[in-house]
Amino acid sequence: MTGILPVKKPAGFTSFDVIGKLRGVTKTRKIGHSGTLDPMATGVLPLFFGGATKCCDILPNEDKRYVADIKFGIVTDTQDTTGRVLNECESSVTEEEFKAVISGFIGKQMQTPPMYSAVKINGRPLYDLAREGKVVERAQKEIEVYEINILGFDEHAQTARIEVFCGKGTFIRTLINDMGEKLGCGASMSALERTMAAGFDISECYTISEIEEMMKDGTFEEKLMPIERLFEGLPRLVLSDFDKRLYRSGVPLELQKRGWGGIEGNIAVFDEGGMLLGISVMDDEANELKLKKMLNTDK
C-alpha cells in the first residue's frame with residue numbers, strides 16, 4: 001500500500017492522533033504526514049502511506065492557505081482562545097485600522113515561534129517547557145506571507161475572519177498575536193482551518209468516517225494518489241535503461257557527457273516507462289546529477 005491521501009483533520013485531534021486512528025482503520029503502520037496542525041485546527045492534512053513516506057521531507061510545494069477567526073482585546077499564553085488569558089481589555093478596532101495593520105504583515109518577515117509549539121530547543125518541544133511554566137529564548141525565523149484577505153469583520157463583536165496565503169513555517173496564531181500588538185489591544189485566534197497544503201485543496205480531502213467506509217467497501221487503495229502528483233510542477237528528466245541502472249546504484253551521472261545542465265532546483269527523474277525514480281539536482285560545477293532522494297527501488 002503506497003500513496004497519498006489528503007485528510008480533513010477534525011477539531012480536537014492532533015496530527016498524530018489522526019495517524020494513530022488511521023493506523024487502526026487501515027491496518028497500516030507506515031503512515032507519515034506533512035505539516036503539523038494544532039488540536040483546535042481543522043482542514044488539509046496530507047497523509048503518506050507506505051513508500052510514499054519518503055516524500056515527507058522533500059515536498060516541492062510547501063505553501064499553505066488558512067482561514068482564521070480572530071477575537072480582538074484578548075491575549076492568551078497559547079495565542080489562541082484555548083489558552084490561559086493573560087490580558088483582556090475593551091477594544092474598538094475598526095476595519096480600516098485592521099486593514100492598515102495587515103498591510104505591514106505582507107512579505108518576508110521575522111517571526112518568533114510561540115512557546116506552545118512543536119519547535120524543539122535542545123531536543124525538547126517548546127510545548128513541554130511551556131507546560132512546566134517555563135519561557136525560553138527562541139530564535140526568530142524568516143517567514144513569508146504572500147497574501148492576507150479580510151473575509152469578514154464585526155466591529156460590534158470585535159471579531160474578524162481572514163484568509164492567509166503563506167510559506168512554510170508560518171504560525172498563524174503568532175501572526176494574529178503580533179497584529180494585536182500593533183493594534184494596541186491584543187488579539188487571539190479563535191478558529192483555524194487549513195484550506196490548502198502540499199498542493200492539495202480542502203475539496204480533495206476525505207474525513208475519517210469516509211475513510212472508514214472506504215475500508216469497509218474495499219475502495220481505499222484505489223483512492224490513494226500516486227507520489228507523482230506531488231512533483232507535477234518539477235522539470236522532468238527521463239533516463240535510458242543504462243542510466244537508470246547507474247542512477248539506482250548511486251553512480252553519479254556526468255552532465256556534459258549527456259548534454260544535460262542549466263536547470264536549477266529539484267528535478268523529477270523518470271525512467272522510459274514513466275516511473276518516478278527519484279528527485280535530484282544538476283550540479284553544473286561538479287558536472288554531475290546529484291541524488292536527493294531515491295523514491296522507487298522496484299527492480
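Derivation of every value follows stated rules applied to the coordinates shown; laboratory data play no part. Given the structure is predicted, the values throughout are model-derived calculations rather than measurements. Here the Cβ is made from the backbone with ideal geometry for all residues, glycine too, and neighbour counts use every protein chain on show.
If you check Gly186, Gly152 for being small (Gly, Ala, Ser), closer than 29 Å to Leu86 by Cα and touching a Lys or Arg at 6+ places or on another chain (Cβ under 6 Å), only one passes: Gly152.
Quick check on region 269-280: of everything there that is part of a strand (DSSP E or B) and touching an Asp or Glu at 6+ places or on another chain (Cβ under 8 Å), which residue is nearest to Gly250 (Cα to Cα)? So that I can check it myself, show each step before the final result.
Step one: of region 269-280, the residues part of a strand (DSSP E or B) are 269-271, 276-280.
Still in the list and also touching an Asp or Glu at 6+ places or on another chain (Cβ under 8 Å): 271, 276-277.
Details: Asp271: 15, Leu276: 16, Leu277: 12 Å.
Here the answer is Leu277.
For first residues located in region 13-38 and without any contact (Cβ under 8 Å) to a residue 40 or more places away in the chain, partners that are crowded, with 17+ Cβ neighbours inside 10 Å and aromatic (Phe, Trp, Tyr) and lie 6+ apart or on another chain with Cβ distances below 8 Å form the pairs Thr28/Phe49; Lys30/Phe49; Ile31/Phe48; Ile31/Phe49; Gly32/Phe48; His33/Phe48. Candidates in region 221-254 are the residues that are closer than 30 Å to Ile211 by Cα and without any contact (Cβ under 8 Å) to a residue 60 or more places away in the chain; of these, the one that is farthest from the chain's Cα centre (by Cα) is Glu222. Highlighted here are the strands (runs of 3 or more DSSP E) found entirely within region 65-154 that include at least 1 residues which are within 18 Å of the chain's Cα centre (by Cα) and either acidic (Asp, Glu) or closer than 14 Å to Glu181 by Cα (or both): 107-111, 141-154. Can you pull out the residues in region 44-64 that are of a type outside the set (Phe, Trp, Tyr), in a strand (DSSP E or B) and either over 19 Å from Val145 (Cα atoms) or free of Cβ contacts under 8 Å to residues at least 24 places away in the same chain (or both)? Scanning region 44-64 gives Leu45, Pro46, Leu47. Residues in region 1-39 that are in a helix (DSSP H, G or I) and among the small types (Gly, Ala, Ser): Ser15, Gly20, Gly24. All conditions in (1) surrounded by fewer than 20 Cβ atoms within 10 Å (Cβ to Cβ); (2) within 24 Å of Ile162 (Cβ to Cβ); (3) in contact with a helix residue (DSSP H, G or I) (Cβ under 8 Å, 6 or more places away or on another chain) hold for Leu45, with the sole exception of (1). In the set Lys257, Lys293, only one residue is free of Cβ contacts under 8 Å to residues at least 12 places away in the same chain, of a type in the set (D, E, K, R) and either exposed (fewer than 13 other Cβ atoms within 10 Å of the Cβ) or in a strand (DSSP E or B) (or both); that residue is Lys257.
Could you please find all residues in region 202-247 being out of contact with any Pro (no Cβ under 8 Å at 6 or more places or on another chain) and either among the acidic types (Asp, Glu) or at positive phi (or both)? Those that are out of contact with any Pro (no Cβ under 8 Å at 6 or more places or on another chain) and either among the acidic types (Asp, Glu) or at positive phi (or both): Glu210, Glu212, Glu213, Asp217, Gly218, Glu221, Glu222, Glu228, Glu232, Asp241, Asp243. Which number in (1) farther than 17 Å from Ile74 by Cβ; (2) within 20 Å of the chain's Cα centre (by Cα) marks the one condition that Ala191 misses? Every condition holds for Ala191 apart from (1).
Name every residue in region 281-290 that is of a type in the set (D, E, K, R), part of a loop (DSSP other than H, G, I, E, B) and surrounded by 12 or more Cβ atoms within 10 Å (Cβ to Cβ), in order of residue number.
First pass over region 281-290, keeping only residues of a type in the set (D, E, K, R): 283-285, 288, 290.
Now drop any that are not part of a loop (DSSP other than H, G, I, E, B), which leaves 284-285.
Of everything in region 281-290, just one residue is of a type in the set (D, E, K, R), part of a loop (DSSP other than H, G, I, E, B) and surrounded by 12 or more Cβ atoms within 10 Å (Cβ to Cβ), namely Asp284.
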